[in-house]
Amino acid sequence: MAPSTTAPDIQSPSPNGDSSADPTILSLRQTLTSESQPLARRFRALFALKSLASAPSSAPSTLSSAAIDAIAAAFASPSALLKHELAYCLGQTRQARAVPYLRAVLRDRSEDAMCRHEAAEALGALGDEGSVGLLVEVRDRVGEEVVVRETCEIAVERIEWEHGRGRREEVLKESDFTSIDPAPPMPQAEKQPVISELEAVLLDADRPLFLRYRAMFALRDLASPPDLPTAVPAIQALARGFRDASALFRHEIAFVFGQLSHPASIPSLVETLSNTKEASMVRHEAAEALGSLGDEDGVENVLKKFADDPEQVVRESILVALDMAEFEKSGETEYVLVPEVMQTA
């Protein structure tokens with residue numbers, strides 16, 4: 001999960017010549033792919049590359065292409081946490097160049113399920129119609145990991161929505177968040193959304209996951225900005241989603257709480273992180289969500305309690321979360337790594 005910060009103020013170097021040799025890209029790529037670098041520093045390098053990869057136009061520059069290649073180069077890492085974040089960031093770039101890398105991760109059944117799930121979600125975020133066949137194949141495969149199958153289901157529906165009548169005809173509330181979400185929020189109705197009605201959809205396990213995700217993101221948008229009268233009730237409704245049978249669904253609730261960074265979510269996030277019987281992909285997301293709340297009293301101490309957790313993905317998430325907590329307290333505006341070549345330019 002990328003932290004909910006503003007876009008980094010990194011000025012793109014001149015794209016003249018071969019951008020693959022651009023010193024900024026090279027420096028960030030070297031940090032990201034180095035197993036000797038602290039994980040939190042590699043995450044900051046990743047988010048800097050994500051910003052450079054996210055070209056504002058439909059015609060990506062050679063610089064953005066090089067940034068995407070640099071992100072994908074880190075898929076060689078043994079860290080499932082890092083690789084899942086690579087996939088997430090590639091899905092947020094809006095660039096077709098990321099598609100082959102993501103398809104390769106999804107196809108690789110030896111890869112960690114958390115990474116493959118994120119690759120499927122990223123293909124959905126990119127709206128890649130050419131990946132529907134692969135997503136359907138994995139969704140319907142006997143013996144496939146549940147979280148991967150469920151993600152493929154949502155990704156297919158998101159792509160169909162993106163290219164269908166829903167995208168053209170629905171009126172969506174403008175969101176405070178710039179992320180490309182796994183599902184759009186429920187469309188605006190003539191009346192003010194009722195939290196209890198959205199919660200009913202959110203918690204109804206008989207409804208399609210895509211629809212329940214739409215209710216989830218509608219509730220998220222009712223909790224931002226944090227001083228809205230609907231904010232705390234919406235967060236309380238979302239927190240009840242932690243009781244769901246789907247680990248994928250529970251992990252997405254934690255992700256949303258990380259986006260919101262609202263103190264009202266702290267009790268449920270602490271409970272989720274503390275539950276050692278919970279799926280590691282859910283606990284990891286809860287840890288990082290708490291990292292985004294690191295300036296709140298007691299949060300940092302809670303995170304430190306899990307620094308030696310038996311689950312590697314949780315331990316690594318704690319390292320990143322504590323770095324995010326330091327960032328929240330520092331007053332910095334961008335959670336990115338600024339390469340030395342830029343500092344001395």
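Worth a mention:
- Hits in region 281-300 (condition: assigned to a helix (DSSP H, G or I), within 18 Å of the chain's Cα centre (by Cα) and without any contact (Cβ under 8 Å) to a residue 60 or more places away in the chain): Val282, Arg283, Ala286, Ala287, Leu290
- The set of residues in region 223-244 being under 23 Å from Lys191 (Cβ atoms) and crowded, with 22+ Cβ neighbours inside 10 Å consists of Ala223, Ala234, Ile235, Ala237, Leu238.
- Pairing each residue of region 319-337 that is of a type in the set (Lys, Arg) with any residue that is modelled with pLDDT of 85 or more, provided the two are 6+ apart or on different chains, yields C-beta distances under 9 Å for Lys329/Gly294; Lys329/Asp295; Lys329/Glu300.
- Neighbours by Cβ (under 6 Å, 6+ apart or cross-chain): first from region 36-55, under 18 Å from Ala76 (Cβ atoms) and touching a residue at least 12 places away in the same chain (Cβ under 8 Å); second in a loop (DSSP other than H, G, I, E, B) and aliphatic (A, V, I, L, M): Ala45/Leu337
- Among the residues of region 302-313, those identified as part of a helix (DSSP H, G or I) and surrounded by 14 or more Cβ atoms within 10 Å (Cβ to Cβ) are Val302, Leu303, Gln312, Val313.
- Of the residues making up region 19-35, those that are over 16 Å from Ser77 (Cβ atoms) and not polar (S, T, N, Q) are Ala21, Asp22, Pro23, Ile25, Leu26.
- Matching residues, region 181-240, being within 20 Å of Glu157 (Cβ to Cβ), assigned to a helix (DSSP H, G or I) and of a type in the set (Asp, Glu): Asp221
- Pairs, first closer than 18 Å to Trp161 by Cβ in region 182-209, second among the β-branched types (Val, Ile, Thr), C-beta under 8 Å, six or more apart: Pro182/Thr151; Pro182/Ile154; Ala183/Ile154; Met186/Val201; Pro187/Val171; Gln188/Val171; Arg207/Val201; Leu209/Ile154
- Among the numbered conditions (1) outside any loop (DSSP other than H, G, I, E, B); (2) touching a residue at least 60 places away in the same chain (Cβ under 8 Å); (3) surrounded by 24 or more Cβ atoms within 10 Å (Cβ to Cβ); (4) not β-branched (Val, Ile, Thr), the only one that Glu316 does not meet is (3).
The values are calculated or read from the model by the stated rules, or taken from the named source; none is laboratory data. Note that the structure is a prediction, hence the values are computed from the model and not measured. Cβ atoms come from the backbone with ideal geometry, glycine included; neighbour counts cover every protein chain shown.
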